[in-house]
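Contents: one structure, followed by commentary.
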Amino acid sequence: MPEFSSQRFSVAPMLDWTDRHCRYFHRQLTADTLLYTEMVTTGAIIHGKGDYLAYSEAEHPVALQLGGSDPAALTHCAKLAEQRGYDQVNLNVGCPSDRVQNGRFGACLMAEATLVADAVKAMRDVVSIPVTVKTRIGIDELDSYAFLTDFIGTVAGRGECDTFIIHARKAWLSGLSPKENREIPPLDYPRVWQLKRDFPHLTIALNGGVKTLEEAQNHLQHLDGVMMGREAYQNPGILAQVDQTLFGRQHPAVNPVEVVRAMYPYIEAELAKGTYLGHITRHMLGLFQGIPGARQWRRHLSENAHKPGADVRVLDAALSLVADRIPQEA
């Protein structure tokens with residue numbers, strides 16, 4: 001089997017979505033996909049009261065996405081990530097929210113390429129795991145191709161960064177909400193393809209608007225990797241085909257009913273620790289999209305998973321609404 005870049009296919013880091021329960025669930029569907037944490041700020045890791053680096057060993061390969069701009073704080077967190085066993089560290093230079101800008105990280109850092117380069121270099125100097133950067137194609141009026149290549153050139157040269165994930169939209173730092181920034185600025189895939197041609201020695205992956213594995217295959221004709229976000233979350237069944245379609249695996253795709261049942265031991269262990277069932281099942285609502293009974297599955301989980309004492313029997317009941325409608329060879 002050919003060697004593939006670790007970035008060949010990944011599920012995007014998404015705030016409030018790609019938490020550890022979501023990642024454990026996604027791993028039941030695909031063995032090869034690179035999974036990302038939600039963005040975690042250096043301040044949360046260093047000063048927060050919770051364990052913001054918690055994850056399950058079953059999630060590998062898994063990358064920690066950091067939000068921050070202070071090289072010392074980023075270095076400290078990168079070291080912790082490596083100690084905890086994360087496979088990669090990714091620096092967020094793409095999130096456009098006001099909250100992020102006020103902390104001087106996210107997309108506004110595109111205007112500070114030297115700072116980004118110094119931060120990446122500082123992290124690379126203290127860890128042996130890959131340090132990558134996720135960014136946009138531009139910000140505000142700084143959206144020329146020359147601006148993008150200057151940014152990449154500086155971070156790749158001075159920062160010794162060899163892997164970039166490019167969200168193929170620019171970000172407006174004022175006037176648009178984060179949701180609008182994911183939808184309104186137009187996608188420019190050819191610009192990202194051109195970046196790979198101009199920096200052939202770098203690993204370049206694309207993010208933004210990818211909805212099918214066929215689209216992913218098309219991008220992989222031009223690039224090293226594709227990152228899928230909302231589609232993978234809202235229609236997670238798509239992940240069941242990734243290993244075969246994009247990684248050339250010969251084993252059959254997993255049956256979604258078996259995926260749900262494979263979650264039972266994890267769910268029971270989490271319930272015993274005090275986790276609410278709904279905190280896990282909310283990530284599973286879209287699993288049967290396009291299959292008869294999918295609506296009843298979603299409704300049953302939505303209405304019952306948050307009730308006191310809810311356990312895997314809620315999932316059993318929801319499964320009974322779809323299980324007999326799925327071909328066994330699915």
Q) In sequence order, what are the phi-derived ³J(HN,Hα) couplings for the stretch 201-210 according to the Karplus relation 6.51 cos²θ - 1.76 cosθ + 1.60 with θ = phi - 60°, rounded to whole Hz, with x for glycine and proline? A) 7, 8, 8, 10, 10, 10, 9, x, x, 7
Q) Taking amide H positions as placed 1.01 Å from N in the peptide plane, with prolines and chain starts having none, which residues 5 or more places from residue 65, or on another chain, fall under 5 Å of its amide H? A) 37, 40, 90
Q | Where labels lie 7 Å past Cα in the beta-carbon direction, separation of residue 58 and residue 234 in nm | A | 2.7
Q: Before rounding to the nearest 500, sum -39500 (n - 2.57) across all DSSP H runs of length at least 4 in the chain and divide by the residue total; then give [θ] at 222 nm in deg cm²/dmol.
A: -11000 deg cm²/dmol
Q) How far apart, in nm, are two points set 7 Å out from the Cα along the Cα-to-Cβ line at residue 72 and at residue 128? A) 2.8
Q: May I ask you to compute the full-extension gain from residue 311 to residue 271, defined as 0.36 nm times their residue separation minus their alpha-carbon distance, rounded to one decimal in nm?
A: 13.6 nm
Q | Two-site FRET efficiency, residue 184 against residue 16, from Cβ-Cβ distance with R₀ of 25 Å, rounded to 0.05 | A | 0.75
Q. How much of the DSSP beta bridge set in the chain is antiparallel, as a percent to the nearest 5?
A. 5
Q: Just give me a number: lysine pairs in the chain, eight or more positions apart or cross-chain, with C-alpha atoms less than 24 Å apart.
A: 16
Q. Given labels modelled 7 Å from the Cα in the Cβ direction, how far is it in nm from residue 79 to residue 279?
A. 3.0
Q: Find how much the distance from residue 144 to residue 174 grows on full extension, using 0.36 nm per residue of separation minus their present alpha carbon separation; answer in nm with one decimal.
A: 9.0 nm
**Q.** Rounded D (µm²/s) - the stretch 194-270, Kirkwood Rh over Cα pairs, Stokes-Einstein at 25 °C, 0.890 mPa s
**A.** 170
Q: Step through the residues of the stretch 237-251 one at a time and calculate ³J(HN,Hα) from phi using the Karplus curve (6.51 cos²θ - 1.76 cosθ + 1.60, θ = phi - 60°), rounding each to whole Hz and writing x for Gly and Pro.
A: x, 4, 5, 5, 9, 5, 4, 6, 6, 10, 10, x, 6, 8, 5
Q. Suppose every K and R has +1 on its Cβ and every D and E has -1 on its Cβ; what is the size of the dipole of the chain about the Cα centre, in Debye to the nearest 20?
A. 520
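Values quoted throughout were computed directly from the atomic coordinates according to the rules given, and no laboratory measurement underlies them. Since we're looking at a predicted model, the values are computed, not measured. Every residue, glycine among them, receives a Cβ derived from its backbone with ideal geometry; neighbour counts consider all protein chains shown.
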